[in-house]
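Novice: Quick one: structure below, then a few questions.
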Amino acid sequence: MSGRPAIRAERLLERLDRFAAIGATAKGGVNRQALTEGDREVRAMLAGLAGARGFSVAQDEAANLFLRREGTDAGLPPLLLGSHLDTQPTGGRFDGALGVLAAFEVLEALEDAGVVSERAAEVAVWTNEEGSRFAPGAMGSQAFAARALPPEWREARSTDGARLGTELAATIAALPVPLAPLGFPIAAYLELHIEQGPVLEREDTPIGVVTGIQGTLWLEVEITGQAAHAGTTPLGFRRDPMRAAAAAMAELYGGIMPADSDARFTIGRIEAEPGSVNAVPERVRFTIDLRHPDACELAALALRIRGVLESACAEAGCALSIRRLVDMPPTAFPEAMVERVEASARRAGLASRRIVSGAFHDALYLARCAPTAMIFCPCRDGISHNEAEHVEPRFAVAGATVLLEAALSLLGAADTASHPPIAASGPSAA
Ligand code: HGY
Ligand code: MN
Ligand code: MN
């Protein structure tokens, strides 16, 4: 080993700029939605960088991409590091991309230093984490953890009318590399991500040690009434789904978040059919994103939402249907992994604090496969899912440094008596 592995800040920061150019928006953000040409372009770019370093590249039938640096024992489950490269429609340069490029930087740092590890280390690029073009989110990591891709997902239609199965096939075909199995044993999983909230920046703490992820429900609400003439139809003759939706929304906005500071209630998308200025709509469809750290509270809120919608629809003479698009229960990461990340931050000389993630991440599903941990770094004003998303270079490098330290400890390639490498037997409470 030629010297201790180290993150090369300029290489990481240059990559972040280069990748942000793919799908760059006029306002300085990124629109690189899942399984679009931009997504395929960055996947190819990363695969090229991996090939240039002698790392092998593979992808599975969910188009999850794997870049592998071999260890001495190919039979051992690898250490996996990763995140996602797809973005929101008006996304930022760092949500997902920081985790992927920092993970790749870790592999390069190991290679530069000639680290010999028993286990392979792999970077995973998970398909469609955002879920904004095709629901559900965290699609690739869910399929990996379940070792199956539900057939009905392939028929999912995007907001721009595309069929998921078609886009998935095009993405896989665009990168002719060996096919990886959908799901395979891994020793542990690490993910670096921006906090997407204000806590770390407010406390000027460079590292967040994520203890878990709150629960998330996505609902698609459809209210059906009767289309009618806007000018000639008196109130008593209307069955107006927009009126039902507006009444329910007012009650839910007024009653959920003001009453519980841990609850998150968001209506991000709404559409009316036929969508004509002078016709009472026949149908209104909107999404609800509901989150809570407590599973029971989440379930209670979901029941309350259904009740409010049912009474508003009854009042307006409309029919109601609610489809559950995403149901992610709250997840806690193993204490041993949390402590390992804290020890890694200490070795890197960086202050850290424990934090629960308000956003979901692919790590939520990897936690079902192996010991999993997440590292957060601050983002400016806590802004994310916004083109103004920004991370100070020093924080991006700090996060990557802790990711490297944690990887070294798990690979058994660091002087960490306190945290021995993963037992050779494979996944454990590492
Ligand atoms: O919605 C989320 O929590 C994630 O950022 N996609
Ligand atoms: Mn993300
Ligand atoms: Mn996101």
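The values are calculated or read from the model by the stated rules, or taken from the named source; none is laboratory data. Just so it is clear, the model here is predicted, and its values are computed rather than measured. Backbone-built Cβ (ideal geometry, glycine too); neighbour counts: all protein chains shown. For the accessible areas, the whole protein counts, side chains as well, though only heavy atoms, and no ligand, DNA or RNA atoms are used. Shrake-Rupley method; radii C 1.70, N 1.55, O 1.52, S 1.80 Å.
Novice: Can you tell me how many residues in the range 121-157 are within 14 Å of ligand 2 (Cβ to nearest atom), part of a helix (DSSP H, G or I) and of a type in the set (A, V, I, L, M, F, W, C)?
Specialist: 1
Novice: Then there is this: Tell me which helices (runs of 4 or more DSSP H) are completely within the range 270-383 and hold 3 or more residues being assigned by TED's automatic domain parsing to the domain that holds Phe395, or say none if there are none.
Specialist: Values: elements: 295-316, 335-347, 363-366.
Helices (runs of 4 or more DSSP H) meeting the threshold: 335-347, 363-366.
Novice: Kindly indicate whether Arg324 is in contact (Cβ under 8 Å) with a residue 40 or more places away in the chain and farther than 14 Å from Thr216 by Cα. Don't jump to the end; show me each part of the working.
Specialist: Working: in contact (Cβ under 8 Å) with a residue 40 or more places away in the chain: yes; farther than 14 Å from Thr216 by Cα: no.
No.
Here's the yes/no breakdown for (1) in contact with a helix residue (DSSP H, G or I) (Cβ under 7 Å, 6 or more places away or on another chain); (2) under 30 Å from Glu167 (Cα atoms); (3) more than 16 Å from ligand 3 (Cβ to nearest atom):
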| residue | (1), (2), (3) |
| --- | --- |
| Leu67 | yes, yes, yes |
| Pro78 | no, yes, yes |
| Leu85 | yes, yes, no |
| Ala120 | no, no, yes |
| Ala124 | no, yes, yes |
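Novice: Another question, if that's okay. Could we say that Glu118 is assigned by TED's automatic domain parsing to the domain that holds Pro371, open to solvent by 40 Å² or more (accessible area, probe 1.4 Å) and in a helix (DSSP H, G or I) here? Steps first, please.
Specialist: Numbers: assigned by TED's automatic domain parsing to the domain that holds Pro371: yes; open to solvent by 40 Å² or more (accessible area, probe 1.4 Å): yes; in a helix (DSSP H, G or I): no.
So Glu118 does not fit the description; no.
Novice: Shifting gears a bit: Anything in the range 123-172 that is out of contact with any Gly (no Cβ under 9 Å at 6 or more places or on another chain) and on the phi > 0 side of the Ramachandran plot? List them, or say none.
Specialist: Gly161
Novice: What helices (runs of 4 or more DSSP H), lying completely within the range 7-112, carry at least 1 residues that are open to solvent by 50 Å² or more (accessible area, probe 1.4 Å) and without any contact (Cβ under 8 Å) to a residue 24 or more places away in the chain? Can you show your working first?
Specialist: Values: elements: 9-20, 37-52, 97-112.
In the range 7-112, the matching helices (runs of 4 or more DSSP H) lie at 9-20, 37-52.
Novice: Could you list, in sequence order, all residues of the range 385-399 that are open to solvent by 60 Å² or more (accessible area, probe 1.4 Å) and closer than 16 Å to His84 by Cβ?
Specialist: Of everything in the range 385-399, just one residue is open to solvent by 60 Å² or more (accessible area, probe 1.4 Å) and closer than 16 Å to His84 by Cβ, namely His385.
Novice: Now for a different question. When you check Thr166 against the structure, is it of a type in the set (S, T, N, Q), surrounded by fewer than 20 Cβ atoms within 10 Å (Cβ to Cβ) and closer than 24 Å to Ile383 by Cβ, yes or no? Walk me through it before giving the result.
Specialist: Working: of a type in the set (S, T, N, Q): yes; surrounded by fewer than 20 Cβ atoms within 10 Å (Cβ to Cβ): yes; closer than 24 Å to Ile383 by Cβ: no.
Criteria not met by Thr166.
Novice: Considering each residue of the range 296-328, count those that are open to solvent by 60 Å² or more (accessible area, probe 1.4 Å) and under 20 Å from the mean Cα position of the chain (by Cα), and give that number. Walk me through how you get there before you give the answer.
Specialist: As a first pass, look at the range 296-328 and keep what is open to solvent by 60 Å² or more (accessible area, probe 1.4 Å): 296-297, 303-304, 306, 310-311, 314-315, 323-324, 327.
From the residues that got through so far, the ones that are under 20 Å from the mean Cα position of the chain (by Cα) too are 324, 327.
Final tally of qualifying residues: 2.
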